[in-house]
Structures are given as structure tokens and as C-alpha cells.
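Each reported figure results from applying straightforward, stated rules to the coordinates on display, with no laboratory input. From a predicted model like this one, the values you see are computed outputs, not experimental measurements. So basically every Cβ, Gly included, is an ideal-geometry build from the backbone, and we count neighbours across all protein chains shown.
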Amino acid sequence: VLLDGSPVYACMLLALDAVGREVTTVEGLTPEGGLSVVQEAFVEKDASMCGFCTSGFVVSVHACLERNPGAGLEEVQRACSGN
């Protein structure tokens, strides 16, 4: 998930630590209900894994590209290294 715009491991985050903070799940990356550019790319390239892995990668890549829209392959790989 994104916590105040930064990726964190949802499984390691206590609910109390999220009180008063902005939490965004993979479903919340596009408020209008469509797919984000990153989600579309994952679908197009058939890059799905288990339900937990895919959403973690999508959120990590999304956060990376929000920070730096021109991120190169190495930067995106670093952003995903914890997954």
C-alpha cells in the first residue's frame, strides 16, 4: 500500500500506525475506477503473479513513477527490490 504516498508493506503496518494518514491500496490508484497506466502495462504484458505480488509490484512501480516520471529501468528495479 501507499502510506502518505510512499510504498510500505501492508503486512508489516499496524492499523494504529495508519491512523490519520493517507492509505492507498492498488484499487485506489485510479479513483475513477479504470486502470492506471502501470496496471494497463501489467495486463498488456501478462505480468501477473499471485494476488499479493502483483499488487505490490504495481503499487511500487506507481510510486516510483510518481516520484520520477522519467525513471529508468534500474530505478524501477530498485523500487521493486523489496517485493
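So what is the relative contact order of segment 1-58, in percent, for Cα pairs below 8 Å that sit 6 or more residues apart?
Working: 38 pairs, mean separation 17.4, N = 58.
Averaging sequence separation for qualifying contacts and normalising by length gives 30 percent for segment 1-58.
Sequence-ordered 3J(HN,Hα) estimates for segment 46-59 from the Karplus curve with 6.51, -1.76 and 1.60 and θ = phi - 60° stand at 6, 9, 8, 10, 5, x, 7, 5, 4, 5, x, 5, 4, 5 Hz, glycine and proline given as x. Between Cys53, Cys64, Cys11, the GNM of the chain built on Cα springs shorter than 10 angstrom shows Cys11 fluctuating the most.
Diffusion of the chain by Stokes-Einstein, at 10 °C in a medium of 1.306 mPa s and with Rh set to the Kirkwood radius over alpha-carbon pairs, works out to 119 µm²/s. Over segment 36-83, Cα pairs under 8 Å with separation of 6+ residues give a relative contact order of 34 percent. Electrostatic bookkeeping for Val59 treats Lys and Arg as +1 and Asp and Glu as -1; over the other residues with beta carbon under 11 Å from its beta carbon, the sum is -2.
Given the Cα-Cα distance of Ser81 and Ala47 and 0.36 nm per residue of separation, how much length would full extension add, in nm? Write out the running numbers ahead of the final one.
Details: separation 34, 0.36 × 34 = 12.24 nm, distance 1.60 nm.
Taking 0.36 nm per residue and subtracting the Cα distance, the gain is 10.6 nm.
Only the Cβ atoms of Lys and Arg (+1) and of Asp and Glu (-1) were treated as charged; on that basis the dipole of the chain about its Cα centre amounts to roughly 180 debye.
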